[in-house]
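Have a look at the structure below, then the notes.
The values are calculated or read from the model by the stated rules, or taken from the named source; none is laboratory data. Just so it is clear, the structure is predicted and the values come from calculations on it, not from any experiment. Because the Cβ atoms are built from the backbone with ideal geometry, glycine has one as well, and the counts that use them run over all protein chains shown.
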Amino acid sequence: MLFRKSSSRFRPPQVPDRAILREHRKVIDEIGRRGLLRGTMSLGALTLLTGCDVSEQDQVQRVLRSVSAFNDWVQARLFDPDKLAPRYAASQVLKPPRFNAYYGIEDVQPIDAATWRLELAGLIQDKRPWTLEQIRALPEQEEIIRHICVEGWDYIGQWSGPNLRQFLTRVGADLGAKYVAFHSHDDYMESIDMASALHPQTILATKYAGDPIGDPYGFPLRLRTAVKLGFKNPKWIRAIEVTNTYPGGYWADRGFNWHSGL
């Protein structure tokens with residue numbers, strides 16, 4: 001099992017001031033920090049549905065975690081592994097892609113391509129590490145798809161690299177396992193369900209608009225899947241792990257829906 005260090009740079013989303021909620025500002029700030037005010041459930045509805053006292057943070061969080069888990073359950077069952085996301089024309093591609101991370105672009109640490117290795121772990125038969133040259137030698141698949149961020153913005157990007165299903169098959173991964181986790185060179189880790197990993201439009205991207213991905217955008221390797229929200233596409237990948245043990249994820253551990261499928 002691969003592990004990640006804890007972060008001290010987490011920047012919580014800002015929750016707008018509303019006079020009616022001032023009395024419970026501490027509770028609301030905590031809910032907002034976990035990204036759960038984006039849903040349709042208001043504080044009043046939460047109280048009516050559960051009987052919780054909003055001053056009892058533990059009760060509120062337990063209910064919200066239950067709602068989040070239910071959303072994941074529903075999304076997983078609605079997911080169609082054969083349905084393709086819309087593809088777009090090259091003329092619509094944003095160049096360069098938009099930078100997004102939980103820290104500023106000035107904090108991005110460049111990676112040395114000569115020493116970079118992709119480590120493999122978990123339910124994989126051939127765990128030998130891969131060099132960037134070996135990754136680039138694999139057949140490329142191009143996807144011009146929409147990147148949708150949970151913050152509400154989106155753009156059309158042109159990504160290319162090895163198909164993830166083909167790569168997992170090549171290294172002898174257990175395709176019947178439940179999860180695929182991606183560990184980044186920073187302390188970011190995300191995981192996706194195996195069905196999404198095997199989706200035809202899920203790739204390990206090494207290029208954007210025909211050129212190698214730049215440092216701020218995930219060099220040398222990032223996940224790009226058309227069936228997940230943006231934060232489920234980790235950048236600067238250093239390791240892939242196949243497992244049946246729920247691995248969580250950077251934002252899921254902070255309250256966001258784990259499945260986050262489209």
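Here TYR188 clears all of (1) out of contact with any Pro (no Cβ under 7 Å at 6 or more places or on another chain); (2) surrounded by fewer than 24 Cβ atoms within 10 Å (Cβ to Cβ); (3) of a type in the set (Phe, Trp, Tyr); (4) under 28 Å from GLU106 (Cα atoms) except the condition numbered (1). With respect to the conditions (1) in a helix (DSSP H, G or I); (2) surrounded by 22 or more Cβ atoms within 10 Å (Cβ to Cβ); (3) not polar (S, T, N, Q), LEU204 lacks only one, and its number is (1).
Residue-by-condition table, conditions (1) hydrophobic (A, V, I, L, M, F, W, C); (2) closer than 23 Å to GLY249 by Cα:
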| position | (1), (2) |
| --- | --- |
| ILE105 | yes, yes |
| ILE111 | yes, yes |
| ALA114 | yes, no |
| LEU118 | yes, yes |
| ARG128 | no, no |
| GLN158 | no, no |
| ARG165 | no, yes |
| VAL171 | yes, no |
| ASP174 | no, yes |
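Of all residues in region 168-181, none satisfies being in contact with a Lys or Arg (Cβ under 9 Å, 6 or more places away or on another chain) and under 18 Å from ALA101 (Cβ atoms).
Against the numbered list (1) in contact with a Phe, Trp or Tyr (Cβ under 9 Å, 6 or more places away or on another chain); (2) more than 26 Å from ILE156 (Cα to Cα), ILE105 comes up short only at (2).
Residue count for region 208-262 satisfying the condition of being more than 15 Å from the chain's Cα centre (by Cα) and part of a loop (DSSP other than H, G, I, E, B): 8. The sole residue among ALA181, ALA177 that is modelled with pLDDT of 95 or more, of a type in the set (Gly, Ala, Ser), in a strand (DSSP E or B) and assigned by TED's automatic domain parsing to the domain that holds ILE145 is ALA181.
In a residue-by-residue description of region 208-215, the property of being in contact with a His (Cβ under 6 Å, 6 or more places away or on another chain), in contact (Cβ under 8 Å) with a residue 60 or more places away in the chain, within 15 Å of PHE99 (Cα to Cα) and among the small types (Gly, Ala, Ser) applies to no position. Pairs are defined by a Cβ separation below 7 Å, a sequence spacing of at least 6 or placement on different chains, a first member in region 90-111 that is in a loop (DSSP other than H, G, I, E, B), and a second member that is exposed (fewer than 13 other Cβ atoms within 10 Å of the Cβ); the pairs so defined are PHE99/ILE105; TYR102/ARG9; TYR102/ARG11; TYR103/ARG9.
Exactly one residue among THR169, THR206, THR202 is modelled with pLDDT of 95 or more, of a type outside the set (Phe, Trp, Tyr) and within 21 Å of GLN109 (Cβ to Cβ), and that residue is THR206.
Kindly indicate the residue of region 119-169 that is of a type in the set (Gly, Ala, Ser) and part of a loop (DSSP other than H, G, I, E, B) and also farthest from ARG222 (Cα to Cα) among those meeting that condition.
Narrowing region 119-169 to residues of a type in the set (Gly, Ala, Ser): 121-122, 137, 152, 157, 160-161.
Now drop any that are not part of a loop (DSSP other than H, G, I, E, B), which leaves 137, 152.
Working: ALA137: 16, GLY152: 21 Å.
Among them, the one singled out is GLY152.
Within region 214-248, the residues that satisfy the criterion of being touching a strand residue (DSSP E or B) at 6+ places or on another chain (Cβ under 6 Å), closer than 26 Å to ILE156 by Cβ and of a type in the set (Val, Ile, Thr) are VAL227, ILE237.
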